[in-house]
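Derivation of every value follows stated rules applied to the coordinates shown; laboratory data play no part. Quantities reported herein were computed from a predicted structural model and do not represent experimental measurements. Ideal geometry is used to build each Cβ from the backbone, glycine not excepted, and the neighbour counts take in all protein chains shown.
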Number of protein chains: 2
Amino acid sequence: MTTNHTTTAAAIGLDDCRRMDAADVLAPLRQRFALPAGDIYLDGNSLGAQPVAAAQRAQEVVTQEWGKDLIRSWNSAGWVDMPLRLGNLIAPLIGAGENEVAVVDGTSLNLYKVLHTALRISAQDRPQARRIISERSNFPTDLYIAQSLCQQFGYELVLIEPEELPTCLQDDVAVLLLTHVNYRTGAMHDMQALTAAAHAKGILTIWDLCHSAGAVPVDLHGSDADFAIGCSYKYLNGGPGAPAFVWVHPRHVNRHAQPLSGWHGHDAPFAFVPGYEPAPNIARYQCGTQPVVSMALLECGLQVFAEAQALGGMAALRRKSLALTDLFIQLIEQECAGHGLGVATPREHAQRGSQVSLTREYGAGIDGDSGAYAIVQALIARGVIGDFRAGGGPGSRHLDILRFGFTPLYVGFEDVWHAVAHVRAVLQSQEWRKPEFNQRKSVT
Amino acid sequence: MTTNHTTTAAAIGLDDCRRMDAADVLAPLRQRFALPAGDIYLDGNSLGAQPVAAAQRAQEVVTQEWGKDLIRSWNSAGWVDMPLRLGNLIAPLIGAGENEVAVVDGTSLNLYKVLHTALRISAQDRPQARRIISERSNFPTDLYIAQSLCQQFGYELVLIEPEELPTCLQDDVAVLLLTHVNYRTGAMHDMQALTAAAHAKGILTIWDLCHSAGAVPVDLHGSDADFAIGCSYKYLNGGPGAPAFVWVHPRHVNRHAQPLSGWHGHDAPFAFVPGYEPAPNIARYQCGTQPVVSMALLECGLQVFAEAQALGGMAALRRKSLALTDLFIQLIEQECAGHGLGVATPREHAQRGSQVSLTREYGAGIDGDSGAYAIVQALIARGVIGDFRAGGGPGSRHLDILRFGFTPLYVGFEDVWHAVAHVRAVLQSQEWRKPEFNQRKSVT
């Protein structure tokens, strides 16, 4: 029987959240992670949680592979194959093919490689195109790398707001450099539509997947993207500072050598010949020797995704991620109304990553501050771990942000309930006004 | 009483080696390393041994700092300070000042940064100088990086033999790029004299210290060097692929931004502003987030050097290194005469690093081969771990090399005795001719 009159949405309760956990097909994966007792960890978009397997693997790689087998482990433990072996574990999460992804270096370095290559290709094919377009609120390191290459090769970096994207893709643009999911707001671009709009003008696209890989379905081939990079220490749970990944579409990959031409990208690295000959395909995007222990731990993070594959893979992770973020938004509105919190993250599913960013207006805190920083610190003191990202100051369209990441591999629906209860308690009690929560730390 | 008539050198025996061990002031440091039982490890010039402390530290950083403290560890565990904190542990080993060394990225990447900067400085000060000089037998990755920058900026890479150095430093040279201790032969350049000769023509110097740092005394300031780079996983025992280091003389460091301008090199990395402003001093040579676990293990390696300081430091390490390599050469000549082994490493102490490279002529092995590869494999099967480096083929001045590194922190004099006994046994028994020792592996 259906009713066709409007009903008032019933308030969501703790029992509802527990029912969602009971129905969660991905719930068994939570035990693959060593989550600290008493904490609700909503900062997996900054540093993913530790896979349980990583502790044992660390012992093995340190005391056996390094300690006992020593130099022999380059062959016997497969150290030399790690960049492409790990790349092949990431490839299915981002719609890349076999042996098209390398895990190597850091995100900024990989961006330098692919943007350098994109500019070389563009200079040959469309020499009149001298601009790089990116978002003003892109993660800054992407902009810093672009600035370096612009200065070196006489390009102009043009920073826009997202609503300017449709009109800015013109004949003078060489490269569109976007982060798929915005680190501040969690807003997600339409990769396929923007790539098509760029290609219609001959513009090459570079997608930063730092907040996408392992968090939302990505289809690089389906979107016909040109280049992609991303880190492994957020939703991929690779460990602090674990090496990043790089993908180049097969139509571009062998066209040029990338500039950071270290020996591991050579066609015959152990021949020790004096002349550089790049390896075929993505292997050429390697540079020097990789940090083996950090690489080995990343493999533990990626193996959880192999296990998730049997439970529905990225589609199931996406369903849970949207359910978690929907629930968080609904509960914030239900439980914390009247405390000056806004929602910066799009409510439209197609435009949302796996995080929710709340806002506070400037002046809502102490001495013209928004209070957002202090609220985040008060929540951390209660074991609810999110983070703060500063806005552009009074008058800016970018407000201060309280950022909460929802990693569907290990965050549950009851976690969301308790997190919101802590947000309400911090706001109602005014405990965020305490001086200790208003002192800024070096890393926030 | 002194005798002034010539005596025949008495043969060295095992007891002599044991007496040298008993008199070794650095002997207590051996127990700081988890050396595999039954092996004699003479490949610390490729991958240094595991400090005992690294096993415990790996557990701590994985299960406590990552697993329990998670994102908070950037502050609480000092992750954010690691690049300069570790740099300050390396600085006294290479004659650099406080806060002048950063531990970051890899050797090839750091070379890209400093060579790029050196070329910018040279282009301003001496625009007519368009050549980079390096050694033909330099470690290839240095040459590959130089080739990339030459192609980008219109320079010419000129490769020379060491004896050509005095005459090739002319007005058309921008940069002299040398590895201080040659990876094949163990020959060591006179850093001070060559830097002075280069500076007399206005040429900038870049020193690769991969086979020097922790192995031989280096005095960057005393030599008035301009730039230096080096890895941490050889004599510094930082672990496989542990991040590398970079030093820039204070007279150059703030002159330009380096090109790999990631956010950790920004003056205010956590302000997340869109415009790049390089941090003052060596901090600007950082790029992205570093692999924290690998960095933490490197710190264990560096702490052994802090302990060595109380036992005489680099001067004592150098005395022992020379005594070990002298002993190895003497014993090879005493025990293995007539088996076609030559010594490629200089006998002059001032020209020797901390390794000894033996040679075999082409044709001394099977099917025109030198036999060097197979001898190394036969030694490895016996637990004597050295490595093989191919020469240039028949007719080349570069013969096949059997490479033995002597890390004075953990190699003893009795080890040298037994290693040479195995060399003699492998040669006398001809066991190196077995087929299994003549099959090449992917990494050698």
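Between identical copies, the spacing of residue B:338 label points, each set 7 Å from Cα toward the C-beta atom, reads 10.2 nm from nearest to farthest. Ranking A:350, A:362, A:340 by how far each Cα lies toward the positive end of the dipole of the range A:309-444 (charges on Cβ) leaves A:350 at the top.
Taking max minus min of the alpha-carbon positions on each principal axis, chain B gives extents of 69, 57, 56 Å, largest first.
What's the ranking of A:241-253, B:130-142 by average number of surrounding C-beta atoms within 10 Å, highest first?
Working: A:241-253: 23.9, B:130-142: 21.8.
In decreasing order of mean packing, A:241-253, B:130-142 become A:241-253, B:130-142.
Where Lys and Arg each count +1 and Asp and Glu each count -1, what net charge lies around residue A:108 among other residues with Cβ under 11 Å from its Cβ?
Values: positive: A:113; negative: A:105, A:142, A:208, B:105.
Once positives and negatives cancel, what remains is -3.
Computed on chain B, with alpha-carbon pairs under 8 angstrom and 6+ residues apart, the relative contact order is 20 percent. Build a GNM of chain A with springs between Cα atoms under 10 Å apart, and of A:377, A:334, A:124 the one that fluctuates most is A:124. Partner shielding of B:103-111 amounts to 5, given as the average count of beta-carbon atoms from other chains within 10 Å of each residue beta-carbon. Residue by residue along A:387-395, Cβ atoms of other protein chains within 10 Å of the local Cβ number 1 on average.
As a length-normalised measure over Cα pairs under 8 Å and 6 or more apart, the relative contact order of the range B:303-357 settles at 33 percent. Only helices enter the 222 nm calculation for the protein assembly as shown: every DSSP H run of n ≥ 4 contributes -39,500 (n - 2.57), and dividing by all residues gives -10500 deg cm²/dmol, rounded to 500. Taking chain A as a Gaussian network of alpha-carbon nodes connected by springs under 10 Å, the highest mean-square fluctuation of the residues A:48, A:262, A:13 belongs to A:13. Near residue A:258: Cβ cut-off under 12 Å, other residues only, Lys/Arg at +1 and Asp/Glu at -1. The net charge is +3. Once the Cβ-Cβ distance of residue B:224 and residue B:85 is raised to the sixth power relative to R0 = 25 Å, the FRET efficiency obtained is 0.40.
Seen from every direction in turn and averaged, the convex hull around the alpha carbons of the range A:181-330 projects onto 11.2 nm².
How charged is the neighbourhood of residue A:401? Take every other residue with its Cβ under 14 Å from the Cβ of residue A:401, and add Lys/Arg as +1 and Asp/Glu as -1. Please list the in-between numbers first.
On the way: positive: A:184, A:360, A:389, A:397, A:403; negative: A:43, A:361, A:369, A:387, A:400.
So the environment of residue A:401 carries a net charge of 0.
Going by a ≥ b ≥ c, the root eigenvalues of the Cα gyration tensor, does the range B:1-132 fall in the rounded group (a/c under 1.5), the prolate group (a/b larger than b/c) or the oblate group? Note, shape of the range B:1-132 comes out oblate. Ordering B:213, B:273, B:233 by Cα displacement along the dipole of the range B:186-275 toward the positive end leaves B:273 in first place; charges were set at the Cβ atoms of Lys, Arg (+1) and Asp, Glu (-1). Size descriptors for the range B:23-79: radius of gyration and Dmax over Cα atoms are 16.0, 49 Å. Note on residue A:164 and residue A:418: the model spin-label points, each 7 Å out from Cα along the C-beta direction, lie 4.5 nm apart.
Compared with the dominant Cα axis of chain B, that is its longest principal axis, helix B:82-94 is turned about 50°.
Given N residues in the range B:78-308, what is its alpha carbon radius of gyration divided by 2.2 N^0.38 Å? Each step should come with its number before you reach the end.
Values: Rg = 16.8 Å, N = 231, 2.2 N^0.38 = 17.4 Å.
Taking N as the residue count of the range B:78-308, the ratio is 0.96.
Any chance you could check the Cα centroid distance between the range A:205-268 and the range B:58-113 for me, in angstrom? Here the two parts' Cα centres lie 25 Å apart.
About its Cα centre, how strong a charge dipole does the protein assembly as shown have in debye, to the nearest 20, once Lys and Arg get +1 and Asp and Glu get -1 at the Cβ? Mind dumping the intermediate values first?
Working: 70 positive and 88 negative charges, 21 e Å.
So the magnitude is around 100 debye.
Projecting 7 Å from Cα along the Cα-to-Cβ direction, the label point of residue A:312 sits 6.8 nm from its equivalents in the other copies, listed shortest first.
Suppose every Lys and Arg Cβ carries +1 and every Asp and Glu Cβ carries -1, with no other charges. What dipole size does chain A come out with about its Cα centre, to the nearest 20 debye?
On the way: 35 positive and 44 negative charges, 71 e Å.
Computed about the Cα centre, the dipole is about 340 debye.
Over every Cα atom in the range A:105-177, the radius of gyration and the widest Cα-Cα span, Dmax, amount to 11.7, 35 Å.
Sorting check: for A:201-208, A:419-426, which peptide has the highest mean count of neighbouring beta carbons within 10 Å, and how do the rest follow? Before the final figure, lay out each step's value.
Numbers: A:201-208: 22.9, A:419-426: 20.5.
So the order, starting with the most tightly packed, is A:201-208, A:419-426.
Along the range B:377-392 the Karplus relation, 6.51 cos²θ - 1.76 cosθ + 1.60 evaluated at θ = phi - 60°, assigns HN-Hα couplings of 5, 5, 5, 4, 4, 8, x, 9, 9, x, 9, 10, 10, 5, x, x Hz to successive residues, with x for each Gly and Pro. Between the listed residues A:22, A:193, B:314, the Cα displaced farthest toward the positive end of the dipole of the protein assembly as shown, a dipole computed from Cβ unit charges relative to the Cα centre, is found at A:22.
Inter-chain neighbour count for B:255-262: the average number of beta-carbon atoms from partner chains within 10 Å of each residue's beta-carbon is 6. Centroid-to-centroid, using Cα positions, the range B:295-333 and the range A:163-188 are 54 Å apart. Report, in degrees rounded to the nearest 10, the 0 to 90 angle that the Cα long axis of helix B:292-309 makes with the longest principal axis of chain B. Roughly 60 degrees, rounded to the nearest 10. Run down the lysines and flag those whose C-alpha is under 17 Å from the C-alpha of residue B:68, throwing out any fewer than 8 positions away in its chain. Within reach: A:234.
Take residue B:123, move 7 Å from Cα toward the beta carbon, and the resulting point lies 1.1 nm from the same point in each other copy, nearest first. Taking the DSSP beta bridges with both ends in chain B, the antiparallel portion is around 55 percent. The label point for residue A:349 and the one for residue B:31, both projected 7 Å from the Cα toward the Cβ, are 6.5 nm apart.
Considering the protein assembly as shown at the alpha-carbon level, its Rg and Dmax are found to be 29.0, 118 Å.
Taking the longest Cα principal axis of chain A as reference, the axis of helix A:140-153 is set at about 30 degrees.
With only Lys, Arg, Asp and Glu charged, each at its Cβ (+1 for the first two, -1 for the last two), find how big the charge dipole of the range A:153-304 is about the Cα centre; round to the nearest 20 debye. Intermediate values should be presented prior to the final figure.
Working: 6 positive and 14 negative charges, 95 e Å.
So the dipole magnitude of the range A:153-304 works out to roughly 460 debye.
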